[in-house]
1. Put +1 on the Cβ of every Lys and Arg and -1 on every Asp and Glu Cβ in the chain; which of VAL41, THR71, VAL53 then has its Cα farthest towards the positive end of the dipole?
2. Net charge near GLY37: determine it from the other residues with C-beta under 12 Å of the C-beta of GLY37, scoring Lys and Arg +1 and Asp and Glu -1.
3. Below 10 angstrom from the Cβ of LEU76, what's the summed charge of the other residues (Lys, Arg +1; Asp, Glu -1)?
4. About the Cα centre, and with charges only on the beta carbon of Lys, Arg (+1) and Asp, Glu (-1), how big is the dipole of the range 3-76? Nearest 20 debye, please.
5. Hey, fewest Cβ within 10 Å first, where do GLU51, GLU14 land in order?
6. Tell me the net charge near ILE12. Cut-off is 12 Å between Cβ atoms, ILE12 excluded, with +1 for each Lys or Arg and -1 for each Asp or Glu.
7. If one takes the longest principal axis of the Cα atoms in the chain, at what angle in degrees, from 0 to 90 and to the nearest 10, does the Cα axis of helix 62-71 lie?
8. Along the Cα-to-Cβ line of THR26, 7 Å from the Cα, sits a label point; which residues in the range 43-83 have backbone N less than 12 Å from it?
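Read the figures in this text as sums done on the coordinates, not as results from a lab. This is a predicted model, so every value here is computed, not measured. Virtual Cβ from ideal backbone geometry, glycine too; neighbours counted across all protein chains shown.
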Amino acid sequence: MQYILYYSDRPISEPAFRASKPSLPTVAYQELDDALGMSRVINARGGIAWEIVGSDGKKVDRAEISHLVATRAAELRGRPRAR
């Protein structure tokens, strides 16, 4: 399965995210934990991890990403793994 992480390098509003989603940077991972690990890194450096979309169509939104990163912080250390 592939997971695509949509993010912005700086804070933007949700309407701005929706409008610019096709042109935002993305990064793809084979494991959800790697996408969540990168989300942690992006948020820590002042960006926003907006959405993770699995190849099965399942979406993890910004609020759920924040929740998962906060509750699974210890498990996500060392993620994303080097490719």
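1. Checked the options; the winner is VAL41.
2. On the way: positive: ARG40, ARG72, ARG77, ARG79, ARG81; negative: GLU31, ASP33, ASP34, GLU75.
Summing Lys/Arg as +1 and Asp/Glu as -1 gives +1.
3. On the way: positive: ARG40, ARG72, ARG77, ARG79; negative: ASP33, ASP34, GLU75.
It works out to a net charge of +1.
4. Once rounded to the nearest 20, the dipole reads 260 debye.
5. Details: GLU51 21, GLU14 11.
Lowest count first: GLU14, GLU51.
6. Details: positive: ARG10, ARG18, LYS21, ARG62; negative: ASP9, GLU14.
That works out to +2.
7. Compared with the principal axis, the helix lies near 20 degrees.
8. Under cut-off, by backbone N: 51-57.
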